[in-house]
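Have a look at the structure below, then the notes.
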Amino acid sequence: IWNHIPLAKPDPILSIIEEFNRDGNPQKINLSVGAYRDESGKPFILPSIKQASKILFDQESDKEYTSINGSLDYNRLVKQFLFGGFKSGKFFIEQDRIVLAQSLSGTGALKLSGEFLKNWNFKNSNEIFIPSSTWANHYNIFKNCGLKISQYSYIKNNSLDLTNLLKDLNQIPLKSSILFHACCHNPTGLNPTRDEWLEILKIVSERELIPIVDLAYQGFESGNLQQDLYLVEMICNKIANDEISTALICQSFAKNMGLYGERIGSISIITQNSNQTFNIESQLKKTIRSIYSSPSIHGSKLVEIVLSNDEIYQNWQNDVAKMSSRIKKMRFELFNLLNSMDNNLNWNHLIQQNGMFCFTGLSEQQILKLKNEYSIYSTLDGRFSISGINMQNIKYLAESINKVINS
Ligand code: LMR
């Protein structure tokens, strides 16, 4: 028995960490996973989260199961955090038109979205269109939910390929689902401008598509948590105007609260009335119960403290601004260093991108060379997780890139 089971391919992102850990080179650099590192290259617990942890340690009174869809407080506070800062979102909260459930980070929210779209297929909603370059796991998640997956154009010559993106969207079957990255596109760091989003959303409306929004890097684009909700707000405005009928928002606190291993996030579904909300919530609970019964409570209690305490919330916002500005600084430092070297290459795309990643345009062969000869680890598509760069390793990194390019 079991002899028929072949070896699975290693995960294109997480398996790199294992290789990195085995490397004895003291100059090694890890630019693989999208997890923040401080200026000395260390994982970082946000000071605001330490503050919340102390309160939780002193006040926690039980370790009971929480509700299937997360605690009432968590759901109320996260709903307010995501939708309470703009008019259409406030209106949906007042009208009870948002189903929100705690999820196992963004991945769990995407899984619940995929299950929802499969279980309640409406016309073509069980076919999902994802950007041609996207987070590697999107494909796995939706495939395992049984959805049909297709792609739309996204990037060409290191720039957003808006012409082909719009052309592809115009050909998507009516009432299909479509995945967008809310900000800080992973892996390319390229996002449409507000005007370009308006063009995109016009087609979403005309073709009656269902937007699924992946909101994993909120705060890392502008440095401001509320500002990075611009796409969510634009979509909600369209729903309020009856131009789009619904949206699913898959949100994560992994990056912006540094709560990676706590697996904490949410799924929100915008409905058309409170009856739908009531029914959809009951179905979502049924799905959750059959997969993991109910979510874990430690991360959600930390989030509740941060979102309900004005002082800690402000400290959190400041922590996010600091992380995002260090990443921006490293992006520009790398750009300047590479430009100052003799390689006749145009690196402008590095500073046209935004968020946790830069998409270098280096080939798979060059990335492998960086790993094998210089112990610099990144994903094979040429994505660098910028927070792995700091003032101690940036010169070595730029010189190594230069040598690989000129070799
Ligand atoms: C990444 O893209 O590196 C992160 O989202 C971590 C992950 O789970 O892949």
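Derivation of every value follows stated rules applied to the coordinates shown; laboratory data play no part. Remember, it's a predicted structure, so these values are computed and weren't measured experimentally. As a convention, Cβ positions derive from the backbone with ideal geometry for all residues, glycine included, and neighbour counts pool all protein chains shown.
Using only the Cα atoms of the stretch 301-407, each taken as one equal point scatterer with no solvent, compute I(q) by the Debye sum, divide by I(0), and report log10 of the ratio at q = 0.10, 0.23 Å⁻¹.
So the normalised log intensities are -0.36, -1.26.
Over the chain, consider all pairs of different Cα atoms and compute the Kirkwood hydrodynamic radius from their mean reciprocal separation; express it in Å, one decimal.
22.1
Would you pull out the residues with amide H under 5 Å of residue 264's amide H, same chain only if 5 or more places away, H placed 1.01 Å from N?
Under 5 Å from the amide H of residue 264 lie the amide H atoms of 105, 253, 254, each far enough along the sequence or on another chain.
Would you calculate a helix-derived [θ] at 222 nm for the chain, using -39,500 (n - 2.57) for each DSSP H run of n ≥ 4 and dividing by the full residue count, to the nearest 500?
One gets -14500 deg cm²/dmol as the mean residue ellipticity at 222 nm.
Considering only C-alpha atoms, what is the centroid distance from the stretch 197-265 to the stretch 1-59, in Å?
26
Calculate one ³J(HN,Hα) per residue across the stretch 299-310 by plugging θ = phi - 60° into the Karplus curve 6.51 cos²θ - 1.76 cosθ + 1.60, and present them in order as whole Hz with x for glycine and proline.
x, 5, 5, 5, 4, 4, 5, 4, 7, 10, 10, 4
Given H placed on each backbone N at 1.01 Å, which residues far from residue 183 in sequence or on other chains put an amide H within less than 5 Å of it?
Under 5 Å from the amide H of residue 183: 216, 217.
Counting other beta carbons within 10 Å of each residue's own, what order do 33, 213, 99, 303 fall into, fewest first?
Least to most surrounded, the residues fall as 33, 213, 99, 303.
Which aspartates and glutamates have a Cα less than 18 Å from the Cα of residue 111, not counting those fewer than 8 places away in the same chain?
11, 127, 214, 262, 281
For the chain, what proportion of DSSP beta bridges, expressed in % and rounded to the nearest 5, is antiparallel?
Just about 50 percent of them are antiparallel.
Taking the Cα atoms only, what angle lies between the long axis of helix 72-83 and the longest principal axis of the chain, rounded to 10 degrees?
Approximately 60 degrees, to the nearest 10.
Rank these for me by crowding, 347, 316, 135, going from fewest to most other beta carbons within 10 Å.
Ranking 347, 316, 135 by Cβ neighbours within 10 Å, fewest first, gives 347, 135, 316.
Tilt of helix 364-374 relative to the longest C-alpha principal axis of the chain, in degrees (0 to 90, nearest 10)?
60
Relative to the first principal axis of the alpha-carbon coordinates of the chain, what is the inclination of helix 105-119, with its axis defined by its Cα atoms, in degrees from 0 to 90 and to the nearest 10?
So the inclination is approximately 50 degrees.
When a/c reaches 1.5 or more, the comparison of a/b and b/c decides; with that in mind, is the stretch 65-308 rounded, prolate or oblate per its Cα gyration tensor?
Taking the square roots of the gyration eigenvalues as a ≥ b ≥ c, the stretch 65-308 is rounded.
If I build a Gaussian network model for the chain, linking alpha-carbon pairs within less than 10 angstrom, which residue out of 230, 74, 65 has the largest mean-square fluctuation?
Taking springs between Cα atoms under 10 Å, the residue moving most is 65.
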